[in-house]
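One structure below.
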């Protein structure tokens, strides 16, 4: 374990959230363990770390990926048919493995029956001292007992329920919850130990941005820390990247924090957020009423914060909370018992499915008579009050394009093309200058950034 040749963080090095669980799994006398937790919270990484640690011992370690159905069945059969039992068996995504078998044709139902028998045989015949069988899945064992079967599957359901009852009663269950305890303190301590010498005064900025954007969600946290480490050890950096990690006398802390935030948002949108986006979309499009209620509740929390829960006690049923926790879109804060959406990026993604909430103001653009494509004035009317700001260059061009498509999300690429900008960085710079201009007259968020999708106005456009 440790750094590779390029000095990059490997998964083992960012595994500080579950170190306590890992140590307990290794040192405990418990031989049969089922690990469960929400999607993307790091169960697979936990199992891989356990594999690496156990390989230092005398017993062989068998690792089975439940998503690779064919290979998993072959490995289970081979081990069950053998008289050799002196090995550790680790199987990831065991619930997905069986659910996929159960949800398909008759031939697979027989494979399902055989696979249950293989695992049952392996679990019951473990005799070597300290040999471990560790299974992982997203589902709680009790949830799997309520599987809704088709007519074709009914003959196998008794075996299915018996298997999960056995796991529930005969195996120790461990919940994989990255937000259990003070995850922010764990993150801070990790970053202090890894990056203090390299970042110096910039460490606090990077910590705040990573904490706020990721909310401790491992699917976002790992690529953020990985990118920071790559940046710190890179031999070739752009001028922007130099400014992100080194202190320049002419740069204000707020400007650096804004640059770090934009830099990391771009990284996360193209990595971890893609997976979470698919989960949100699946929740939104799920046909069952409880999932639809869960999505509406999630939108309410994203829009109004945790105070919304107090007014929605009847709506916030145990089942709905369970759905959101299983998808790792909601977690319980150990400090006050409130429920939170992990991180600003996920909140923004949830809100992006809603139409914009238009401010009670009207924007009118007044182009310059001589050079209408290069400069003009933006007039804001709010009841009896009218304000105007002069705009030139990029900010004027960007606002002009957005006002031509009110309430429509305009992608970064489209903005670059239609505004005639030289690069996407030039578009971002123009947007920042535009925001600054509006802040000068105490107007905030005229342009909304829907990360990974584009930009849209939050203000009505007049004729």
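Expressed as a whole number of Å, what is the distance separating the alpha-carbon centroids of the stretch 314-352 and the stretch 190-263?
Between the Cα centres of the stretch 190-263 and the stretch 314-352 lies a distance of 27 Å.
Per DSSP helix of 4 or more residues, -39500 (n - 2.57); summed, then divided by the residues of the chain. What does that give at 222 nm, rounded to the nearest 500?
So the calculated ellipticity at 222 nm is -16000 deg cm²/dmol.
Among [x] 161; [y] 189; [z] 202, which one is volume of the Cα convex hull per residue in Å³ computed from these coordinates?
The value matching this structure is [y].
Give the shape of the stretch 344-463 as rounded, prolate or oblate, defined through the alpha-carbon gyration tensor: a ≥ b ≥ c are the square roots of its eigenvalues, a/c under 1.5 means rounded, and otherwise the shape is prolate if a/b is larger than b/c and oblate if not.
Oblate is the answer for the stretch 344-463, as a/c is 1.5 or above yet b/c matches or exceeds a/b.
Taking the Cα centroid of the stretch 17-69 and of the stretch 400-441, what is the distance between the two, rounded to the nearest whole Å?
48 Å
Given the Cα-Cα distance of residue 440 and residue 212 and 0.36 nm per residue of separation, how much length would full extension add, in nm?
79.5 nm
Got the relative contact order for the stretch 18-175 handy, in percent, Cα pairs under 8 Å and 6 or more residues apart?
Computed over the stretch 18-175, the figure is 35 percent.
DSSP beta bridges in the chain, what fraction antiparallel, as a percent rounded to 5?
Roughly 50 percent of the DSSP beta bridges within the chain come out antiparallel.
Per 5 Å bin, what percent of the C-alpha pairs of the stretch 273-351 does each bin hold, from zero upward?
3, 16, 30, 29, 16, 5, 1
Helix 424-439 against the longest principal axis of the chain: what's the angle in degrees, Cα atoms only, rounded to the nearest 10?
Around 60 degrees separate the two axes.
Using only Cα atoms, tell me the angle between helix 253-269 and the longest principal axis of the chain; keep it within 0 to 90° and round to the nearest 10.
So the helix axis and the longest Cα principal axis differ by about 50 degrees.
Which order do peptides 159-165, 44-50 fall in by mean Cβ count within 10 Å, highest first?
44-50, 159-165
On a 0 to 90 degree scale, rounded to 10, what angle separates helix 106-124 from the longest Cα axis of the chain?
The angle comes out near 70 degrees.
Quote the relative contact order of the chain in percent (integer), defining contacts as alpha-carbon pairs under 8 Å separated by 6+ residues.
Rounded, it is 13 percent for the chain.
Report the Rg/Rh value for the stretch 183-270, based on alpha-carbon coordinates and the Kirkwood definition of Rh.
0.93
None of the figures in this text is laboratory data; all of them are computed from the coordinates on show. This one's a predicted model, so the numbers in the text were calculated from it and none came from an experiment. Cβ: placed from backbone, ideal geometry, glycine included. Neighbour counts: every protein chain shown.
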